[in-house]
Structures are given as C-alpha cells and as structure tokens.
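Structure first, then comments.
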Amino acid sequence: MVASCGARFLVSQSCTIARSVSTTPAVAAPLLPDSPRIHLRLLPPLPLRFPSSSRGLSASAPRASRAASCSSRPEAMDTVTPEEKGPPRWRPMCLYHTQGKCTMMNDSSHLQKFNHKFSVDLQANTTKLNCLCSQDLDYFLILDLEGKVEILEFPVVAIDASTADFIDVFHRFVKPSQMGEHRTNKYIEGKYGKLGVDRVWHDTAIPFKEVIKEFEIWMISHNFWKKELGGSLHRAAFVTCGNWDLKTKIPQQCKDSDMKLPSYFMEWINLKDIYLNFYKRRATGMKTMMRELGIPLLGNHHLGIDDSKNIARVLQHMIADGAFLQITARRQASSPNVEFLFEHRIR
C-alpha cells in the first residue's frame, strides 16, 4: 500500500547541488540552462515531467499513514510564491511523482518543496545547436542502475536524438527477489537512508519482473519497441556510463528473478567510449565528464534517477558539440560473450 507523500517530510531527505570545479578552462554547456543557485539550507527530495514530444512517470515525499491513489496528471504546474523573484530556486524531484504515485498535487507547500517537472533541468537550447550531426537513431534511452547485490533502482531518461530534447522518464524502485527481508532493510538503510529516500523506496519498490512489464508498456507507448516484433529497440538505443549495467547487472538480475534476458538488452552505447573517441581524452566516469564539460552536478550522486538525469545532460552537451553516437557493445542471445565494437575504448 503506497503511503501518501504528505504526512511529514524527512529532514534528511535533502539533496545538495555539488558544483564541479574543472582544472582546465570551463567549456560552456550549450544545451544547459544557467546553473542553479546554491542554497545553504537543506532541500527535500526530488519531482519530474512526462511526454512532451510526438516523437517520443513520477517521486519523493514524507511518511504518511493513509493509503493513496496514483496521480494521473503527467506534469504538474508548480506554484511560485509572490516573494520569489528571478530564476526559480532548484528543488529536488518528488520521488513518488517520478513513479506516478504522488498524491500531494493539490498541496501548495508540497509543490513548493519538491519539483514535479523532470524536464526543468533538461532544457535543450536549440539556438546553440550549431554543430549537430545526423544521427542514425531517433531516440537515446539513458539507463543508470543502482544496486550491487540486486537491482534496487531502474531509471531511464529518453532524449530525442535529432534535437537533444527531453521526451520522458521511466523510474521504479526495485524490490530484491533473493535477498531476505532483514538483509534488504539493512542494505536500503545504508544506501538510501543516507540520502533520506529509504521511506520512498519501501513505499514504492516492486519486483523486477513487474518493473520490466511496466517498462515495456512505457516503451511501446513511445514506439521505442514493439512487442509483437520482438527483437531490438525500434530506432532507439540504451546509453550507459560504462558497460556494467547491461553487460553484467541486467543478465544477473534476470537470472535471480528467474526470467529470460529480454532481447532489447542485447546492445548499448557506452558513453565513455563515445566521449573518448570524440574528445580524444579519457573519462573514468560521469563526474569526470561533467567537470571537463563545465556541467554542474545536480542532485545526489548514486541516486539512480539523479545520475540518469546528469548523464542525459552530458549527452545533450555532446550532441550539441556534434558527437555521433553509435552502438559500442553487442551480445548474441545464444552467447553470454559481449563484442566490443570500438578499437579505442575505456576498459
């Protein structure tokens, strides 16, 4: 039973904005809005947005005692108090809303504390897209899993390949299938408790099999994949920061969940390899790329939905710079081996 996201907010459920400092001259991020203003006070958890393109869910809040129904409104109009002047302050996403389970959409205080427009931090400035190259794909699906033992969080951010515009987001917390309750609770407290979102995880997490079913419905709704045809994605590809997510973790989780590895997980784009071959410099991770490109970090590192958003911002920047994205790794359904397609790649 999903708890209402209104009763009392956990003070610990706050997000800080870390500004990355580059040792080399900062490169302006052509696609990104002005960096958010830093506030010294603690901020509560995060919000989001839904489909806005023909080409082409919802968040976080406090404990509550009453059961709640899902909000069917895709992206809410956040209220702005009269005293707010200038650019709106950065607010964390409502993690109930990102999963379609926020029940506080009529609560003005909740809307002032939490963002419910995922697109706010992913606005592409089309006036600066001077170096765009034609992409072979129509959509990029940024995936960044969380969970070392089993998958605990499954976020995907969809970006239009031709314009770098944000399309939609899919986000679910995942309940382990093999870990016992005591071990799971201890693990969640250690990982998500320090971020202040452990309550949201317990309220919303569902088994991996259910996540995949809902994810497939989401993909079909955007024409990213057609179930009746099976096979790979339709004019789309997953983008990851490294190979671990799709080379190692998804196959492991499918085995733990007693299910066959879906055919659309057979190939992907490792953004590290694209970055290496395009900029001619190595980046060991997301934070390195953001620092070198002059992109400020938003939200909590190692909260999957925040990392996916930040990786998407790196991708937007690279598209604007003229990077061409193509598949970097592929496996066959008949073999567990992965073929890496780039000669120069991050190992």
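No lab work stands behind these numbers, since they all come straight from the coordinates. Every value quoted in this text rests on a predicted model; they were computed, and no experiment measured them. A quick note on method: Cβ atoms are made from the backbone with ideal geometry, for glycine too, and the neighbour counts reach across all protein chains shown.
Remarks
- Virtual spin-label span in nm between Q178 and D256, 7 Å along Cα→Cβ: 0.7
- Net charge of neighbours whose Cβ lies under 10 Å from the Cβ of I142, counting Lys and Arg as +1 and Asp and Glu as -1: 0
- Ordering 295-302, 134-141 by mean Cβ neighbour count within 10 Å, with the highest value first, yields 295-302, 134-141.
- Distant-in-sequence amide contacts of N115, defined by a placed amide H-H separation under 5 Å and a gap of 5 or more residues or a different chain, comprise M93, C94.
- Extension reserve of the C131-L229 stretch, reckoned as 0.36 nm per residue once the Cα distance is removed: 31.8 nm
- A DSSP coil position with no more than 16 other Cβ atoms inside 10 Å describes the following chymotrypsin sites (Phe, Trp or Tyr not before Pro) in segment 268-339: F324.
- Positive end of the dipole of segment 211-325 (Cβ unit charges, origin at the Cα centre): among Y264, M219, I274, the Cα lying farthest that way belongs to I274.
- When the trypsin sites (Lys or Arg not before Pro) in segment 133-211 are filtered for DSSP coil states and for at most 16 other beta-carbon atoms within 10 Å of their beta-carbon, the remaining sites are K148.
- Over 22 Å between alpha carbons, listed pairs K148/K247; K101/K249; K148/K272; K101/K227; K186/K272; K175/K255: K101/K249; K101/K227; K186/K272
- Applying both filters, DSSP loop and at most 13 other Cβ atoms within 10 Å, to the GluC sites (Glu not before Pro) of segment 196-252 gives E228.
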